[in-house]
1. Can you tell me which residue is nearest to residue 211 (Cα to Cα) among those in the range 447-464 that are within 16 Å of the chain's Cα centre (by Cα) and at pLDDT 90 or above?
2. Of the residues 131, 77, 137, which is in contact with a strand residue (DSSP E or B) (Cβ under 6 Å, 6 or more places away or on another chain), surrounded by fewer than 18 Cβ atoms within 10 Å (Cβ to Cβ) and modelled with pLDDT of 90 or more?
3. Please determine, by comparing only the residues of the range 389-443 that are touching a residue at least 60 places away in the same chain (Cβ under 8 Å) and out of contact with any strand residue (DSSP E or B) (no Cβ under 7 Å at 6 or more places or on another chain), which one is farthest from residue 109 (Cα to Cα).
4. Quick check on the range 226-241: of everything there that is in contact (Cβ under 8 Å) with a residue 24 or more places away in the chain and outside any strand (DSSP E or B), which residue is nearest to residue 211 (Cα to Cα)?
5. Answer with yes or no whether residue 397 is crowded, with 19+ Cβ neighbours inside 10 Å and either within 29 Å of residue 215 (Cα to Cα) or out of contact with any helix residue (DSSP H, G or I) (no Cβ under 9 Å at 6 or more places or on another chain) (or both).
6. In this structure, does residue 329 turn out to be over 26 Å from residue 447 (Cα atoms), touching a strand residue (DSSP E or B) at 6+ places or on another chain (Cβ under 6 Å) and surrounded by 13 or more Cβ atoms within 10 Å (Cβ to Cβ)?
7. Test residue 264 against the criterion of being in the same structural domain as residue 357 (by TED's automatic domain parsing), more than 25 Å from residue 230 (Cα to Cα) and surrounded by fewer than 21 Cβ atoms within 10 Å (Cβ to Cβ), and give yes or no.
(Lines give C-alpha, C1' and ligand atoms only; values in the text may rest on other atoms or scores of the structure.)
Protein backbone atom coordinates (compact mmCIF):
# COMPACT_ATOMS: atom_id res chain seq x y z
CA UNK A 1 0.00 0.00 0.00
CA UNK A 2 1.06 3.62 -0.48
CA UNK A 3 1.54 5.55 2.75
CA UNK A 4 0.13 9.06 3.11
CA UNK A 5 2.36 11.52 4.91
CA UNK A 6 0.40 12.84 7.88
CA UNK A 7 1.01 14.85 11.03
CA UNK A 8 1.01 13.18 14.47
CA UNK A 9 -2.12 15.00 15.70
CA UNK A 10 -4.19 13.18 13.04
CA UNK A 11 -3.01 9.76 14.24
CA UNK A 12 -5.83 9.32 16.74
CA UNK A 13 -8.45 9.63 14.01
CA UNK A 14 -6.56 7.11 11.88
CA UNK A 15 -6.31 4.63 14.75
CA UNK A 16 -9.99 4.95 15.60
CA UNK A 17 -11.09 4.47 11.99
CA UNK A 18 -8.84 1.48 11.43
CA UNK A 19 -9.80 -0.14 14.72
CA UNK A 20 -13.49 0.10 13.81
CA UNK A 21 -12.86 -1.39 10.39
CA UNK A 22 -10.61 -4.21 11.56
CA UNK A 23 -12.24 -5.02 14.89
CA UNK A 24 -9.28 -4.39 17.15
CA UNK A 25 -8.45 -1.89 19.84
CA UNK A 26 -6.44 1.25 19.41
CA UNK A 27 -3.89 -0.16 21.85
CA UNK A 28 -3.50 -3.23 19.66
CA UNK A 29 -3.04 -1.01 16.64
CA UNK A 30 -0.29 1.03 18.21
CA UNK A 31 1.47 -2.01 19.62
CA UNK A 32 1.73 -3.59 16.17
CA UNK A 33 -0.73 -6.38 16.99
CA UNK A 34 -2.50 -6.68 13.65
CA UNK A 35 -4.84 -9.36 12.28
CA UNK A 36 -4.00 -10.99 8.96
CA UNK A 37 -1.30 -9.70 6.59
CA UNK A 38 -2.14 -6.00 6.81
CA UNK A 39 0.68 -3.49 7.19
CA UNK A 40 1.63 -2.38 10.70
CA UNK A 41 0.65 1.18 11.64
CA UNK A 42 3.03 3.05 13.95
CA UNK A 43 3.11 6.49 15.59
CA UNK A 44 6.34 7.01 13.64
CA UNK A 45 4.71 6.22 10.30
CA UNK A 46 5.69 8.89 7.78
CA UNK A 47 7.52 10.86 10.44
CA UNK A 48 11.16 11.85 10.72
CA UNK A 49 12.03 8.79 12.82
CA UNK A 50 10.56 6.34 10.33
CA UNK A 51 10.02 7.63 6.81
CA UNK A 52 8.76 4.24 5.53
CA UNK A 53 7.00 1.79 7.86
CA UNK A 54 6.20 -1.78 6.82
CA UNK A 55 5.04 -5.01 8.40
CA UNK A 56 8.70 -6.00 8.53
CA UNK A 57 9.66 -2.92 10.47
CA UNK A 58 10.88 0.59 9.79
CA UNK A 59 12.91 1.50 6.69
CA UNK A 60 14.90 4.45 7.93
CA UNK A 61 17.99 4.13 5.76
CA UNK A 62 19.22 2.74 2.45
CA UNK A 63 21.08 0.05 4.39
CA UNK A 64 17.78 -1.13 5.92
CA UNK A 65 16.11 -1.02 2.50
CA UNK A 66 18.88 -3.24 1.14
CA UNK A 67 18.35 -5.75 3.98
CA UNK A 68 14.62 -6.01 3.25
CA UNK A 69 15.25 -6.16 -0.49
CA UNK A 70 17.60 -9.12 -0.01
CA UNK A 71 14.87 -10.93 1.89
CA UNK A 72 11.85 -10.17 -0.28
CA UNK A 73 13.04 -8.59 -3.56
CA UNK A 74 14.53 -11.44 -5.58
CA UNK A 75 11.68 -11.19 -8.06
CA UNK A 76 12.15 -7.43 -8.67
CA UNK A 77 14.37 -5.25 -10.84
CA UNK A 78 16.79 -2.70 -9.37
CA UNK A 79 18.67 -1.24 -12.33
CA UNK A 80 20.34 1.59 -10.37
CA UNK A 81 21.31 -0.55 -7.37
CA UNK A 82 19.74 1.77 -4.81
CA UNK A 83 17.69 -1.06 -3.20
CA UNK A 84 14.37 0.39 -4.41
CA UNK A 85 12.64 -1.70 -7.03
CA UNK A 86 10.37 -1.94 -10.08
CA UNK A 87 8.74 -4.67 -12.16
CA UNK A 88 8.31 -7.24 -9.39
CA UNK A 89 7.01 -10.73 -10.02
CA UNK A 90 3.55 -11.73 -8.84
CA UNK A 91 5.06 -13.76 -6.01
CA UNK A 92 6.61 -10.66 -4.42
CA UNK A 93 4.62 -9.45 -1.37
CA UNK A 94 2.41 -6.49 -2.24
CA UNK A 95 3.42 -4.54 0.84
CA UNK A 96 7.07 -4.86 -0.19
CA UNK A 97 6.39 -3.66 -3.75
CA UNK A 98 4.54 -0.61 -2.47
CA UNK A 99 7.00 0.29 0.27
CA UNK A 100 10.15 -0.01 -1.88
CA UNK A 101 8.71 1.19 -5.21
CA UNK A 102 11.27 3.25 -7.17
CA UNK A 103 9.86 6.03 -9.34
CA UNK A 104 13.11 6.27 -11.37
CA UNK A 105 15.11 3.07 -11.57
CA UNK A 106 17.77 4.71 -13.76
CA UNK A 107 19.01 7.15 -11.10
CA UNK A 108 20.17 6.08 -7.63
CA UNK A 109 19.76 9.65 -6.35
CA UNK A 110 15.98 9.34 -6.76
CA UNK A 111 14.11 7.10 -4.32
CA UNK A 112 11.53 7.26 -1.52
CA UNK A 113 14.36 7.97 0.96
CA UNK A 114 15.92 10.80 -1.06
CA UNK A 115 15.68 14.41 0.06
CA UNK A 116 13.62 16.57 -2.27
CA UNK A 117 15.83 19.03 -4.14
CA UNK A 118 14.82 22.10 -6.12
CA UNK A 119 15.42 20.77 -9.62
CA UNK A 120 12.06 20.13 -11.34
CA UNK A 121 12.35 16.42 -10.44
CA UNK A 122 10.39 14.24 -8.02
CA UNK A 123 13.44 13.20 -6.00
CA UNK A 124 11.59 11.48 -3.14
CA UNK A 125 9.00 9.57 -5.22
CA UNK A 126 5.93 11.13 -3.59
CA UNK A 127 4.43 12.17 -6.95
CA UNK A 128 5.18 15.82 -6.20
CA UNK A 129 7.91 18.02 -7.68
CA UNK A 130 9.82 20.63 -5.63
CA UNK A 131 6.96 20.61 -3.10
CA UNK A 132 9.07 21.96 -0.23
CA UNK A 133 10.02 25.15 -2.09
CA UNK A 134 8.01 28.35 -2.58
CA UNK A 135 8.41 28.49 -6.34
CA UNK A 136 6.51 31.06 -8.36
CA UNK A 137 6.09 33.56 -5.53
CA UNK A 138 6.70 37.22 -6.57
CA UNK A 139 10.01 38.85 -5.70
CA UNK A 140 12.18 41.85 -6.59
CA UNK A 141 15.15 41.03 -8.85
CA UNK A 142 17.96 43.11 -10.32
CA UNK A 143 16.07 43.39 -13.61
CA UNK A 144 12.74 44.25 -11.99
CA UNK A 145 9.83 42.19 -10.72
CA UNK A 146 10.45 38.47 -10.82
CA UNK A 147 9.42 35.15 -9.34
CA UNK A 148 11.19 32.63 -7.13
CA UNK A 149 12.95 29.83 -8.99
CA UNK A 150 15.37 27.11 -7.98
CA UNK A 151 18.75 28.66 -7.19
CA UNK A 152 21.50 27.88 -9.67
CA UNK A 153 24.25 27.16 -7.13
CA UNK A 154 22.22 25.49 -4.36
CA UNK A 155 19.85 22.60 -5.03
CA UNK A 156 18.13 23.24 -1.68
CA UNK A 157 17.39 26.94 -2.09
CA UNK A 158 15.45 29.40 -4.25
CA UNK A 159 16.42 32.75 -5.78
CA UNK A 160 14.64 35.60 -7.55
CA UNK A 161 14.38 35.22 -11.32
CA UNK A 162 13.46 37.95 -13.79
CA UNK A 163 13.90 35.66 -16.79
CA UNK A 164 13.38 31.90 -17.13
CA UNK A 165 16.37 29.98 -15.83
CA UNK A 166 18.19 33.01 -14.40
CA UNK A 167 18.49 34.41 -10.89
CA UNK A 168 19.84 37.53 -9.22
CA UNK A 169 22.14 35.55 -6.95
CA UNK A 170 25.08 37.63 -8.20
CA UNK A 171 27.77 35.53 -6.61
CA UNK A 172 26.58 32.44 -8.49
CA UNK A 173 25.73 33.96 -11.87
CA UNK A 174 27.80 33.85 -15.02
CA UNK A 175 27.29 36.28 -17.86
CA UNK A 176 26.26 34.22 -20.88
CA UNK A 177 25.58 35.39 -24.41
CA UNK A 178 21.79 35.48 -24.24
CA UNK A 179 20.90 39.22 -24.35
CA UNK A 180 20.29 39.25 -20.57
CA UNK A 181 22.14 40.88 -17.67
CA UNK A 182 22.82 37.55 -15.99
CA UNK A 183 25.23 38.80 -13.32
CA UNK A 184 23.20 41.93 -12.46
CA UNK A 185 26.01 44.41 -13.13
CA UNK A 186 23.80 46.51 -15.45
CA UNK A 187 25.84 45.43 -18.50
CA UNK A 188 24.46 42.92 -21.00
CA UNK A 189 26.67 40.24 -22.61
CA UNK A 190 29.86 42.12 -21.72
CA UNK A 191 32.13 39.13 -22.32
CA UNK A 192 30.71 38.19 -25.70
CA UNK A 193 32.87 39.01 -28.71
CA UNK A 194 31.53 39.05 -32.24
CA UNK A 195 34.43 39.52 -34.68
CA UNK A 196 33.84 41.35 -37.93
CA UNK A 197 32.32 39.60 -40.90
CA UNK A 198 34.52 37.12 -42.74
CA UNK A 199 34.63 36.88 -46.51
CA UNK A 200 33.28 33.33 -46.36
CA UNK A 201 30.72 31.87 -44.00
CA UNK A 202 32.28 29.69 -41.27
CA UNK A 203 30.95 26.12 -41.20
CA UNK A 204 32.98 24.58 -38.35
CA UNK A 205 35.10 25.75 -35.45
CA UNK A 206 37.79 24.36 -33.17
CA UNK A 207 39.13 25.90 -29.97
CA UNK A 208 42.85 25.43 -29.32
CA UNK A 209 45.07 26.60 -26.44
CA UNK A 210 46.53 29.46 -28.52
CA UNK A 211 44.36 29.57 -31.66
CA UNK A 212 40.84 29.49 -32.98
CA UNK A 213 40.38 27.34 -36.09
CA UNK A 214 37.74 28.47 -38.57
CA UNK A 215 36.60 26.19 -41.38
CA UNK A 216 34.76 27.54 -44.41
CA UNK A 217 33.75 25.85 -47.63
CA UNK A 218 37.16 26.66 -49.14
CA UNK A 219 39.77 26.88 -46.38
CA UNK A 220 40.99 26.06 -42.88
CA UNK A 221 42.35 29.13 -41.10
CA UNK A 222 44.14 29.44 -37.74
CA UNK A 223 43.59 32.74 -35.87
CA UNK A 224 45.75 33.67 -32.87
CA UNK A 225 44.89 35.95 -29.93
CA UNK A 226 46.11 38.97 -31.92
CA UNK A 227 43.72 38.03 -34.76
CA UNK A 228 46.66 37.14 -37.00
CA UNK A 229 45.58 34.51 -39.54
CA UNK A 230 47.40 31.57 -41.13
CA UNK A 231 45.74 29.53 -43.87
CA UNK A 232 46.55 25.87 -43.22
CA UNK A 233 44.91 24.58 -46.37
CA UNK A 234 42.66 25.90 -49.10
CA UNK A 235 41.13 22.47 -49.71
CA UNK A 236 37.31 22.42 -49.55
CA UNK A 237 35.02 20.69 -47.04
CA UNK A 238 37.58 20.18 -44.24
CA UNK A 239 36.15 18.17 -41.31
CA UNK A 240 37.10 16.38 -38.06
CA UNK A 241 39.34 19.30 -37.01
CA UNK A 242 41.12 18.80 -33.68
CA UNK A 243 43.94 20.64 -31.94
CA UNK A 244 46.22 20.40 -28.91
CA UNK A 245 49.04 22.47 -27.44
CA UNK A 246 51.40 21.81 -30.36
CA UNK A 247 49.35 20.20 -33.15
CA UNK A 248 46.34 20.61 -35.43
CA UNK A 249 44.95 17.50 -37.18
CA UNK A 250 42.13 17.30 -39.72
CA UNK A 251 40.53 15.17 -42.43
CA UNK A 252 40.75 16.46 -45.98
CA UNK A 253 37.88 14.82 -47.95
CA UNK A 254 38.67 13.52 -51.43
CA UNK A 255 35.11 12.93 -52.63
CA UNK A 256 33.24 16.10 -51.72
CA UNK A 257 31.37 16.87 -48.48
CA UNK A 258 31.15 14.06 -45.96
CA UNK A 259 27.80 12.26 -46.02
CA UNK A 260 25.51 11.97 -43.02
CA UNK A 261 25.64 8.40 -41.68
CA UNK A 262 22.27 7.35 -40.27
CA UNK A 263 23.45 3.89 -39.18
CA UNK A 264 26.85 2.51 -38.35
CA UNK A 265 30.06 4.33 -37.37
CA UNK A 266 30.70 7.83 -38.73
CA UNK A 267 33.01 7.80 -41.73
CA UNK A 268 34.28 10.06 -44.48
CA UNK A 269 36.62 9.25 -47.37
CA UNK A 270 39.75 11.38 -47.34
CA UNK A 271 43.32 11.94 -46.15
CA UNK A 272 44.54 12.82 -42.66
CA UNK A 273 46.76 15.90 -42.28
CA UNK A 274 48.65 17.41 -39.33
CA UNK A 275 50.21 20.82 -38.71
CA UNK A 276 52.86 21.34 -36.02
CA UNK A 277 52.75 24.95 -34.88
CA UNK A 278 56.48 25.24 -35.54
CA UNK A 279 56.38 23.61 -38.98
CA UNK A 280 54.34 22.98 -42.12
CA UNK A 281 51.23 20.83 -42.74
CA UNK A 282 51.97 17.23 -43.79
CA UNK A 283 49.86 14.21 -44.68
CA UNK A 284 49.78 11.53 -41.95
CA UNK A 285 47.13 9.17 -43.37
CA UNK A 286 46.53 8.00 -46.92
CA UNK A 287 43.06 7.98 -48.47
CA UNK A 288 40.65 5.79 -46.51
CA UNK A 289 37.31 5.93 -44.67
CA UNK A 290 38.01 7.73 -41.39
CA UNK A 291 35.95 8.79 -38.39
CA UNK A 292 36.34 11.63 -35.84
CA UNK A 293 39.81 12.36 -34.44
CA UNK A 294 40.91 12.62 -30.82
CA UNK A 295 44.13 14.35 -29.77
CA UNK A 296 45.98 13.61 -26.53
CA UNK A 297 49.10 15.79 -26.32
CA UNK A 298 51.18 14.66 -29.29
CA UNK A 299 49.24 11.47 -30.05
CA UNK A 300 46.30 11.22 -32.43
CA UNK A 301 43.52 8.62 -32.27
CA UNK A 302 40.85 7.97 -34.87
CA UNK A 303 38.70 5.19 -36.18
CA UNK A 304 38.83 3.72 -39.65
CA UNK A 305 36.10 1.68 -41.34
CA UNK A 306 36.97 -1.28 -43.58
CA UNK A 307 35.29 -4.48 -44.75
CA UNK A 308 35.79 -6.10 -41.34
CA UNK A 309 34.18 -3.21 -39.47
CA UNK A 310 35.58 -0.20 -37.58
CA UNK A 311 38.88 -0.16 -35.73
CA UNK A 312 40.59 2.49 -33.60
CA UNK A 313 44.16 3.48 -34.50
CA UNK A 314 46.86 5.51 -32.74
CA UNK A 315 49.73 7.56 -34.19
CA UNK A 316 52.42 9.48 -32.31
CA UNK A 317 52.67 12.70 -34.29
CA UNK A 318 56.07 13.66 -35.63
CA UNK A 319 57.20 10.05 -35.98
CA UNK A 320 57.44 7.89 -39.07
CA UNK A 321 55.76 4.54 -39.49
CA UNK A 322 52.20 3.22 -39.75
CA UNK A 323 49.62 3.79 -37.01
CA UNK A 324 49.03 1.14 -34.33
CA UNK A 325 45.67 -0.61 -33.97
CA UNK A 326 44.27 0.02 -30.48
CA UNK A 327 41.07 -2.03 -30.67
CA UNK A 328 38.90 -3.66 -33.33
CA UNK A 329 35.13 -3.39 -33.74
CA UNK A 330 35.22 0.04 -32.10
CA UNK A 331 34.81 3.70 -33.11
CA UNK A 332 34.70 7.25 -31.75
CA UNK A 333 37.70 7.29 -29.36
CA UNK A 334 36.92 9.92 -26.71
CA UNK A 335 39.43 11.30 -24.21
CA UNK A 336 40.83 12.29 -21.86
CA UNK A 337 42.99 9.21 -21.40
CA UNK A 338 43.29 8.25 -17.72
CA UNK A 339 45.19 5.16 -16.55
CA UNK A 340 45.71 4.33 -20.24
CA UNK A 341 41.91 4.02 -20.74
CA UNK A 342 39.85 5.84 -23.37
CA UNK A 343 36.09 5.76 -24.02
CA UNK A 344 34.96 4.13 -27.28
CA UNK A 345 31.81 2.89 -29.02
CA UNK A 346 31.82 -0.90 -29.29
CA UNK A 347 30.27 -2.71 -32.28
CA UNK A 348 29.98 -6.42 -31.49
CA UNK A 349 28.06 -9.17 -33.33
CA UNK A 350 25.85 -6.73 -35.20
CA UNK A 351 24.18 -5.55 -31.98
CA UNK A 352 23.52 -1.95 -30.99
CA UNK A 353 26.69 0.02 -30.27
CA UNK A 354 27.53 0.42 -26.58
CA UNK A 355 30.03 2.69 -24.86
CA UNK A 356 33.08 1.07 -23.27
CA UNK A 357 36.50 1.83 -21.79
CA UNK A 358 39.49 0.46 -23.66
CA UNK A 359 43.21 0.40 -22.95
CA UNK A 360 45.29 2.32 -25.50
CA UNK A 361 48.39 0.22 -24.82
CA UNK A 362 46.96 -3.31 -24.68
CA UNK A 363 44.09 -4.35 -26.92
CA UNK A 364 43.21 -7.14 -24.52
CA UNK A 365 42.44 -4.80 -21.60
CA UNK A 366 39.03 -3.15 -21.26
CA UNK A 367 36.67 -2.04 -18.52
CA UNK A 368 32.95 -2.68 -18.16
CA UNK A 369 30.74 0.40 -18.57
CA UNK A 370 27.09 0.40 -17.58
CA UNK A 371 24.89 1.19 -20.61
CA UNK A 372 21.14 1.67 -20.96
CA UNK A 373 19.10 -0.39 -23.39
CA UNK A 374 19.36 0.55 -27.07
CA UNK A 375 21.92 2.48 -29.07
CA UNK A 376 24.70 4.34 -27.28
CA UNK A 377 25.69 7.58 -29.02
CA UNK A 378 29.10 9.21 -29.38
CA UNK A 379 30.19 10.21 -25.85
CA UNK A 380 31.73 13.35 -24.42
CA UNK A 381 33.97 12.85 -21.39
CA UNK A 382 36.26 14.47 -18.85
CA UNK A 383 38.08 13.31 -15.73
CA UNK A 384 34.81 12.78 -13.82
CA UNK A 385 32.04 11.70 -16.22
CA UNK A 386 31.11 10.40 -19.64
CA UNK A 387 27.77 11.37 -21.22
CA UNK A 388 26.09 10.14 -24.38
CA UNK A 389 22.70 10.21 -26.09
CA UNK A 390 20.33 7.25 -25.85
CA UNK A 391 18.55 5.38 -28.64
CA UNK A 392 17.83 6.12 -32.29
CA UNK A 393 15.85 9.24 -31.41
CA UNK A 394 18.38 10.59 -28.87
CA UNK A 395 15.49 11.23 -26.51
CA UNK A 396 17.64 11.07 -23.36
CA UNK A 397 21.16 11.52 -22.00
CA UNK A 398 23.02 8.85 -20.05
CA UNK A 399 25.68 9.74 -17.45
CA UNK A 400 28.39 7.44 -16.12
CA UNK A 401 30.79 8.44 -13.32
CA UNK A 402 34.27 7.55 -14.45
CA UNK A 403 35.25 6.14 -11.06
CA UNK A 404 32.20 3.86 -10.99
CA UNK A 405 31.61 3.16 -14.67
CA UNK A 406 30.51 -0.45 -14.21
CA UNK A 407 27.63 0.26 -11.81
CA UNK A 408 27.00 3.98 -11.60
CA UNK A 409 25.17 4.96 -14.81
CA UNK A 410 21.92 6.93 -14.74
CA UNK A 411 19.61 8.82 -17.08
CA UNK A 412 19.24 12.57 -16.71
CA UNK A 413 15.66 13.65 -15.96
CA UNK A 414 15.00 15.83 -19.02
CA UNK A 415 11.78 16.92 -20.71
CA UNK A 416 10.99 15.28 -24.09
CA UNK A 417 13.42 16.38 -26.79
CA UNK A 418 16.27 15.36 -29.08
CA UNK A 419 19.49 15.83 -27.14
CA UNK A 420 23.17 15.94 -28.02
CA UNK A 421 25.91 16.35 -25.39
CA UNK A 422 28.50 18.91 -26.49
CA UNK A 423 31.06 19.36 -23.69
CA UNK A 424 31.89 18.60 -20.06
CA UNK A 425 33.63 21.08 -17.75
CA UNK A 426 34.06 19.89 -14.15
CA UNK A 427 30.55 18.75 -13.15
CA UNK A 428 28.86 20.91 -15.80
CA UNK A 429 27.38 19.33 -18.92
CA UNK A 430 26.64 21.51 -21.95
CA UNK A 431 24.04 19.95 -24.22
CA UNK A 432 21.85 21.06 -27.13
CA UNK A 433 18.18 20.41 -27.81
CA UNK A 434 18.23 19.46 -31.49
CA UNK A 435 14.49 18.95 -31.88
CA UNK A 436 14.68 21.76 -34.45
CA UNK A 437 17.45 23.59 -36.32
CA UNK A 438 19.87 25.75 -34.33
CA UNK A 439 18.38 24.79 -31.00
CA UNK A 440 19.15 26.22 -27.55
CA UNK A 441 22.15 25.09 -25.50
CA UNK A 442 21.76 24.34 -21.80
CA UNK A 443 24.21 24.01 -18.93
CA UNK A 444 23.44 21.31 -16.37
CA UNK A 445 25.25 20.74 -13.08
CA UNK A 446 25.36 16.95 -12.81
CA UNK A 447 26.03 17.06 -9.07
CA UNK A 448 22.92 19.16 -8.27
CA UNK A 449 20.60 18.62 -11.23
CA UNK A 450 20.32 22.37 -11.84
CA UNK A 451 19.83 23.39 -15.49
CA UNK A 452 20.16 26.89 -16.95
CA UNK A 453 19.87 28.33 -20.44
CA UNK A 454 23.35 28.97 -21.85
CA UNK A 455 22.67 30.04 -25.44
CA UNK A 456 19.34 31.00 -26.93
CA UNK A 457 20.40 29.43 -30.22
CA UNK A 458 23.51 27.95 -31.79
CA UNK A 459 24.28 26.29 -35.10
CA UNK A 460 23.95 22.54 -34.49
CA UNK A 461 27.03 21.05 -32.80
CA UNK A 462 29.07 24.25 -33.32
CA UNK A 463 29.70 25.07 -29.62
CA UNK A 464 33.26 24.32 -28.47
CA UNK A 465 34.44 24.90 -24.88
CA UNK A 466 37.97 24.85 -23.54
CA UNK A 467 38.53 21.99 -21.05
CA UNK A 468 39.34 24.47 -18.27
CA UNK A 469 36.14 26.43 -18.90
CA UNK A 470 37.89 29.73 -19.75
CA UNK A 471 36.64 30.16 -23.34
CA UNK A 472 33.78 29.15 -25.58
CA UNK A 473 33.15 29.62 -29.30
CA UNK A 474 30.14 28.92 -31.48
CA UNK A 475 28.25 29.87 -34.65
CA UNK A 476 24.95 31.73 -34.76
CA UNK A 477 22.91 31.97 -37.96
CA UNK A 478 21.80 35.45 -36.93
CA UNK A 479 25.37 36.46 -37.94
CA UNK A 480 26.14 33.97 -40.73
CA UNK A 481 29.59 35.35 -41.59
CA UNK A 482 30.83 35.65 -38.00
CA UNK A 483 31.72 33.44 -35.09
CA UNK A 484 31.09 34.32 -31.44
CA UNK A 485 33.59 33.81 -28.65
CA UNK A 486 33.77 34.36 -24.89
CA UNK A 487 36.79 34.61 -22.63
CA UNK A 488 35.71 34.15 -19.01
CA UNK A 489 35.24 31.30 -16.53
CA UNK A 490 32.07 29.64 -17.82
CA UNK A 491 30.86 27.77 -14.72
CA UNK A 492 31.41 29.09 -11.24
CA UNK A 493 34.53 27.51 -9.80
CA UNK A 494 34.39 25.56 -6.53
CA UNK A 495 37.60 24.46 -4.85
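1. Step by step, filter the range 447-464, then rank; the result is 464.
2. Working: 131 fails: in contact with a strand residue (DSSP E or B) (Cβ under 6 Å, 6 or more places away or on another chain); 137 fails: modelled with pLDDT of 90 or more.
Step by step, each of 131, 77, 137 is checked, and only 77 is in contact with a strand residue (DSSP E or B) (Cβ under 6 Å, 6 or more places away or on another chain), surrounded by fewer than 18 Cβ atoms within 10 Å (Cβ to Cβ) and modelled with pLDDT of 90 or more.
3. The extreme case among them is 426.
4. 227
5. yes
6. Yes; evaluated as a whole, the condition is true for this residue.
7. Yes, satisfied.
The values are calculated or read from the model by the stated rules, or taken from the named source; none is laboratory data. All figures in this text were calculated on a predicted structure; none of them were measured in a lab. Quick reminder, even Gly has a Cβ in these numbers, built from the backbone with ideal geometry, and neighbours come from all protein chains shown.
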